[in-house]
Amino acid sequence: MLRFVSAFAFAALAAGAALAGPTGDEAAAERNARINAPLPAPQAAMKSHVMFLASDALRGREAGAPEYEIAAQYVASQFYEQGLVPAGDNGSFLQNVPLLSYKSASKGSFLLNGQPLEFGVEYLPGADPMRDTTKVDAEVVFVGYGIVAPQFGIDDYKGAKVKGRIVAFFGGAPRGLPGEERAHFGNAANKAVIAQQHGAIGTITLESPVTAKVRPFERMAAGWDSSRMTWANPDGTGHVAAPGAPSLGGLSMAAAAKLFAGAKRPWDQLAKMTEDDKAKFKPELLKARLAVSLETKREPVMSWNVAGLLPGSDPTLSKEVVVLTAHLDHIGVGRPDKNGDTINNGAMDNAVGIASLIEEARRFKESGKPPRRSILFLAVTAEEKGLVGADYFANNPTLAKERLVANVNLDMPILTYKFDDVIVFGAQRSSLGPIVEAAAKDIGVTISPDPMPDQGLFTRSDHYRFVQQGIPSVFLWPGEAGPGKAAVEKFFAENYHKPSDEISGPIDWESGARFIDVNYRIARAIADAEVRPLWNKGDFFGTLYKGPVAP
C-alpha cells in the first residue's frame, strides 16, 4: 500500500514536530480494518470467498500445488452447501485432471544449411510434450501467417507443397480481420492444426516488426526454459492439437534474414508488409534446410476441476445442461515485487470469478424456483497454463457431451469501479445475444465492443474451449465507459499477474454484486428458454466447429 505524506506533514517535520507515520502495527491495523469492514449480505458473501481464496496461505493457487487442492476442496464444500449434486469422478465433486508439466531441457540446436544459429539471439527452442527428444531435418516453406480463411480472402498455403517439410510463418494474424476471428487465427495451436492438415512435419514462428513491439525477442529469451502445461493422454504423452506438426521454436528477425537468403521476395520487404493490414503473402519454398534438435523435460502433475450440478425441473429440458465456468487457479509464487512480496494472490484473477460462481448457485437455491434446464457449476484448473482444465473437461466431460448446450464464463471481472457498460465476448454469434442484451438492460448498463482486439481475449479464457466443441458460449466483462478505461489500464499496469492483486486492493464489492446479478440473469434465461442456444446461420465459429445452427 502506498502511503502519501502531505505538505503539512513535511512542514511539521521540518519544524521539529514529533509527527510520525503509522508504525508497522498501525499500518497492519489500518489494512485489516479496511479488509474487515462490514458489507451488506450479498457483497459480504462474495468477499468472504475471496478473503480465503486470495489469502497468502493459498500461495497463489498454482495448478498442481498443494494449496490448489485446498482451494478445490473449499469450492467443493461451497457447492455442497448450495445443494448441488456431485458431478465429478466417482460420485465426488472433483474431476481428476492429469496434467503434464514440460519445458526445454536444453538449448537444443538449430542448423540452417548446416550452419549453427545462435541461441537467444537468432533462435529459441520449442518444447515438445509428446516426446523427450525431437529431431526434424527438412526444407522450409514460408506460408505468410499460416492461415487458411477463404471467407476473408486468405489462403497462405495456396499452391504450396509442404508435405514432409517445415513451415515458417509470422506470429499473430492480420489486423484487418475481425477481432474474435483474428484471435482465433493468431492462436499458435490453430496454426499448427492447419499446418498438419497440409502435411507439414514442424512449424517455426518468425518474429516481425509488429510482434517485436508487443513481445521483443530478447524478452522471450529471458523465459525460454519456463514450464508449460497440457493435459496428459492415457499413454502419458502430452495432449497437443497437432501432434504431427510440433512447434519447433522461434526465429528472430536477424535469423529470418538468413533463412530468406536468395528468396524471390527479400526478407526486409516481407517484414515491412506485416505492418500493412491488407498485405497478401504468397507461399514460397525457401533455399533453406533447417535441422532442429530439441530436448524436453516432462513431469506428470495431478490437479482437479470442481463440478456441481443443479438438476433442472423440466422432464425434457433437464436433460440439457448449461455450463457456468470460472478458473480456480492462478500463477502461484514468483519473483519478489518492490515490497518483497512473492505471492501472486489472484484476488481479481480469478478468486472474484469463483466467488461469483458460488454466489450464482446460492441465487438459484434461494430463488425457490429450480431452472428448467440443468446447470453445471464448473471451477476449472490450469487456465493460466493455456485453458488446460477447461480443455480437458470439454474433451472428457463428466456428463454426456451432447447434453452440454451453452457456456457462460466468469473470468477476472475488473471490479475497481462502478461499471456503466459491459463487454460481451461471443454473444453476438448466437441466440445468446438477445439474452445478454436483456440482462444488461435489466441492471441498467449498455453493451460495448471489445476495446482491446489486439489482446486476443476471445481465445484467452475458458469459454473458447467450449466454442471449439461447437457449444454457443459467452464471456462478460465490465466495460470501459466512464471511469472504466482508466481503471482497466491501471489494473493491467499495476496488478495483473502481480502480488498486488490481493484482497486489500480497491475492490468495489457493490459492482461485484451487480456482476453476479447480470450473470445470474443470463444463466437463468438460458436455462428457462423454450429453445436451446443456437449459432447464428453462417457464423464463423458455429460453422467451423459444426455446432447447432438456427434455421
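The values are calculated or read from the model by the stated rules, or taken from the named source; none is laboratory data. Just so it is clear, the model here is predicted, and its values are computed rather than measured. Positions of Cβ are generated from backbone atoms using ideal geometry, with glycine treated the same way; all protein chains shown enter the neighbour counts.
Here is the figure for region 427-486: residues that are part of a strand (DSSP E or B), closer than 26 Å to Ala379 by Cβ and among the hydrophobic types (A, V, I, L, M, F, W, C) total 4. Just to be sure before I move on: is Gly91 on the phi > 0 side of the Ramachandran plot, at pLDDT 95 or above and not in a strand (DSSP E or B) in the structure I sent? When the stated conditions are applied, Gly91 passes them. Among the residues of region 267-280, those identified as part of a loop (DSSP other than H, G, I, E, B) and either at pLDDT 95 or above or among the charged types (D, E, K, R) (or both) are Glu275, Asp276, Asp277, Lys278, Lys280. Residue-level check: of (1) surrounded by fewer than 21 Cβ atoms within 10 Å (Cβ to Cβ); (2) among the aliphatic types (A, V, I, L, M); (3) assigned by TED's automatic domain parsing to the domain that holds Gly389, Val549 misses just (3). Does region 27-41 contain at least one residue that is surrounded by fewer than 21 Cβ atoms within 10 Å (Cβ to Cβ), at pLDDT 95 or above and closer than 20 Å to Glu360 by Cβ? The answer is no; no qualifying residue exists. Across region 199-228, the number of residues qualifying as crowded, with 20+ Cβ neighbours inside 10 Å and not hydrophobic (A, V, I, L, M, F, W, C) comes to 6.
Within this structure, Ala160 fails the test of being more than 25 Å from Gly202 (Cα to Cα), of a type in the set (A, V, I, L, M, F, W, C) and over 23 Å from the mean Cα position of the chain (by Cα). Under the condition of being outside any strand (DSSP E or B) and either modelled with pLDDT under 95 or within 13 Å of Ser247 (Cα to Cα) (or both), the residues counted in region 115-134 number 6.
Residues in region 487-502 that are of a type in the set (D, E, K, R), under 17 Å from His330 (Cβ atoms) and either touching a residue at least 60 places away in the same chain (Cβ under 8 Å) or assigned to a loop (DSSP other than H, G, I, E, B) (or both): Lys498, Asp501, Glu502. Taken over region 56-73, the residue count meeting the criterion of being of a type in the set (A, V, I, L, M, F, W, C) and closer than 15 Å to Phe93 by Cβ is 3. Looking only at region 247-266, residues that are part of a helix (DSSP H, G or I) and surrounded by 20 or more Cβ atoms within 10 Å (Cβ to Cβ) come to 3 in all. The set of residues from region 372-426 being assigned to a strand (DSSP E or B), of a type in the set (Phe, Trp, Tyr) and more than 25 Å from Val301 (Cβ to Cβ) comprises just one member, Phe425. Beta carbons closer than 8 Å, at least 6 apart along the sequence or on distinct chains, never pair a first residue in region 258-276 that is farther than 14 Å from Val141 by Cβ and not assigned by TED's automatic domain parsing to the domain that holds Tyr145 with a second that is of a type outside the set (A, V, I, L, M) and in a helix (DSSP H, G or I). Does region 339-347 contain at least one residue that is of a type outside the set (Ser, Thr, Tyr), part of a helix (DSSP H, G or I) and within 29 Å of Ala54 (Cβ to Cβ)? Yes: region 339-347 contains one or more residues that are of a type outside the set (Ser, Thr, Tyr), part of a helix (DSSP H, G or I) and within 29 Å of Ala54 (Cβ to Cβ).
Per the conditions (1) in a loop (DSSP other than H, G, I, E, B); (2) aliphatic (A, V, I, L, M); (3) in contact with a strand residue (DSSP E or B) (Cβ under 6 Å, 6 or more places away or on another chain), the sole criterion not satisfied by Val240 is (3).
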